[in-house]
Amino acid sequence: MNRAVAAGIVVTAAVLVGAACAQAETAYLRRTVPSDTETMIGIGARFDKACRSVGLFEVLLDEPPQHGSVCMLAGSVRPTRLFAGSGTKCLGQPMPGVQIMYRSDPGYAGRDTLRYTLKSPRISKPHQFTIEVRATSKIEGGRRLDVEQPRQSPGPMPTCVALTS
C-alpha cells in the first residue's frame, strides 16, 4: 500500500483509515430513529495523510431493510474516530464523503436491520445496523400502514433523490 495514501471510513462515529486488508471485520452498529423521518445513520470518507479527499467510497447494499429504505448522499462529512491508521489529525475536519440515510416505512415502529459495505480499491468494510424505529404518533410499535412498500434489492446503494411537489 502506498504509504502516502490512507483510506478512511466514518460510520456514525467511527472511522477506518489506511488498512491494507482486503476484507475487514463487520462493524455492528445500533441507532434509534423516529418513524418516517430521513435520518443519517452513517458516513464514510477517504483521505490521505494531508487530510485531502482521495475519492468517494462505492457503497453496496448487502441486505436491504425490511421496514424502510436506505440511500446515500455525497456531501461534506467530519470524521470523528479512527478504526485503524494514523490520520488522527484529520478528525473533525470537514471533507468530501458519503452520508448513509435511512427512512422507515410510514407509520412503522419497531426493529429494522440492514447491511452495507463501503468499498475502495484497497479495502472493503461491511457494516450491519440494528435500527430501533420509534413511533412519532399514536401508532403502537410494530405496526405499519396497509399499503405495501416496494422493497429495495441488494446491489449498489441508490443515491437519495430530493422530493418535489
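The values are calculated or read from the model by the stated rules, or taken from the named source; none is laboratory data. Just so you know, these numbers come straight off a predicted model, no measurement behind them. Cβ atoms come from the backbone with ideal geometry, glycine included; neighbour counts cover every protein chain shown. The accessibility values were calculated without ligands, DNA or RNA, using every heavy atom of the protein model including side chains. Shrake-Rupley method; radii C 1.70, N 1.55, O 1.52, S 1.80 Å.
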Quick one: accessible area per residue over region 27-136, 1.4 Å probe, rounded to a whole number of Å²? 43 Å²
So between residue 30 and residue 66, what do we pick up on full extension, going 0.36 nm a residue minus the alpha carbon distance? 11.4 nm
Amide H to amide H, which residues 5 or more places from residue 41 or on other chains are under 5 Å from it, using H placed in the peptide plane? 100, 101, 102
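Expressed in nm to one decimal, what extension gain is obtained for the pair residue 134 and residue 162 from 0.36 nm per residue of sequence separation less their Cα-Cα distance?
On the way: separation 28, 0.36 × 28 = 10.08 nm, distance 2.37 nm.
That pair, residue 134 and residue 162, stretches by 7.7 nm at full extension.
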What shape does region 27-136 take by its C-alpha gyration tensor, where a ≥ b ≥ c are the square roots of the eigenvalues and a/c under 1.5 counts as rounded, a/b above b/c as prolate, and the rest as oblate? prolate
Label model pair residue 56, residue 38: point-to-point distance (7 angstrom along the Cα→beta-carbon line) in nm is 1.4 nm
Once neighbouring chains are kept in place and the probe is 1.4 Å, which whole percent of the accessible area of region 27-136 is contributed by carbon and sulfur? 48 percent
Roughly speaking, what is the stretch gain from residue 111 to residue 80, that is 0.36 nm per residue apart minus the C-alpha to C-alpha distance, in nm to one decimal? 8.5 nm
How high is the relative contact order of region 27-136, in percent, with contacts defined as C-alpha pairs under 8 Å that are six or more residues apart? 40 percent
Relative packing of peptides 125-131, 44-50, 155-161, 31-37 - highest average C-beta neighbours within 10 Å first: 44-50, 125-131, 31-37, 155-161
